[in-house]
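Step one of this worksheet: look at the structure below.
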Amino acid sequence: MSAARTFDRLARIYRPLEYLAFGRDLERARFAHLSRLRDCGNILVAGEGDGRCLERLLSAAPRARIECLDISAAMLAAAKARLAGRADADRVAFRHADLLTTDLPAAAYDAAVTFFFVDCFSAGQADGVLRRIHGSLRPGALWLWADFALPNAGLARLRARIWLAVLYAFFRWQTSLSARELPPMERFFQHAGYEALADSLWQKGLVRSVAWRKVEKSS
């Protein structure tokens, strides 16, 4: 059974499961830095889920054209349904795609949004996905990233390890994910030359949201 099909089965229950486990903290992480995208013209959203972020993003970036990619047809359908009736819904182009194999246009976007998405990949898979997104961003572009994180030490780190073990076990069972641990996101952003403009934490450091900027390389 493919991951694409098994993600579909979670589309209807993902939101209540999220609220049951973490309250609204994952939503807070998604929405924390959206206002930074207000002047963007073209935005890539990868792994959107049920459309809650898109709904906020349309208001936060009133002039942007948004391309939304997701491997789950059911999640895309849920996102489309959430936007139904909005006068500005035509600014969103939905695309059923797997970023493990889908190429992106070079230097096409002013911003990328990846919320609770990259943790679905193993380190090797994540590297390819992140490089694709990186190559699609223009110099100076913003990258809003929110995901689970591992605090540096203490009880917070132990708590996070337990939660991550539970979450990965659940999603392996439900979606056949190959990932077993978080990919090294901080290392990627540092090596790729991004600077952190804002960094927010919830759940004692288990949930993190960062606004990154792609630094323009001097010629």
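Nothing in this text is a laboratory measurement; each read-out follows from the coordinates by a stated rule. Because the structure is predicted, anything quoted here is derived from the model rather than measured. All Cβ positions, glycine included, derive from the backbone under ideal geometry; neighbour counts span all protein chains shown.
Quick notes
- Evaluated over region 21-89, the Cα radius of gyration and Dmax, each in Å: 11.9, 35
- Footprinting exposure proxy ranking of 43, 162, fewest other C-beta atoms within 10 angstrom first, gives 162, 43.
- Helical mean residue ellipticity (222 nm; -39500 (n - 2.57) per DSSP H run of 4+; nearest 500) of the chain: -11500 deg cm²/dmol
- Among beta bridges that DSSP assigns inside region 106-219, antiparallel share in %, nearest 5: 70 percent
- With the gyration tensor restricted to C-alpha atoms of region 65-219, the semi-axes of the equivalent ellipsoid amount to 26, 22, 16 Å, longest first.
- Karplus-based coupling profile of region 102-107, in residue order and whole Hz: 8, 7, 10, x, 6, 6, with θ = phi - 60° in 6.51 cos²θ - 1.76 cosθ + 1.60 and x standing for Gly or Pro.
- The calculated pair-distance distribution of region 1-140 uses every alpha carbon pair, bins of 5 angstrom beginning at 0, and gives 2, 10, 19, 23, 22, 16, 7, 1, 0 percent.
- For the peptides 177-188, 84-95, 132-143, the ranking by packing is 132-143, 177-188, 84-95, with the highest mean count of neighbouring Cβ atoms within 10 Å listed first.
- Stretchable slack from residue 19 to residue 166, in nm (0.36 nm times residue separation minus alpha-carbon distance): 51.3 nm
- Rg over Rh [alpha-carbon atoms, Kirkwood Rh] for region 55-137: 0.97
- Point-charge dipole on Cβ atoms (K/R +1, D/E -1) for the chain, about Cα centre, debye to 20: 340 debye
- Were the residues from residue 216 through residue 87 laid out at 0.36 nm apart, the gain over their Cα-Cα distance would be 42.9 nm.
- Sorted ascending by nearby beta carbons within 10 Å, beginning with the fewest, 115, 189, 170 become 170, 189, 115.
- Legend: Rg and Dmax of region 150-201, from Cα coordinates, 13.8, 36 Å.
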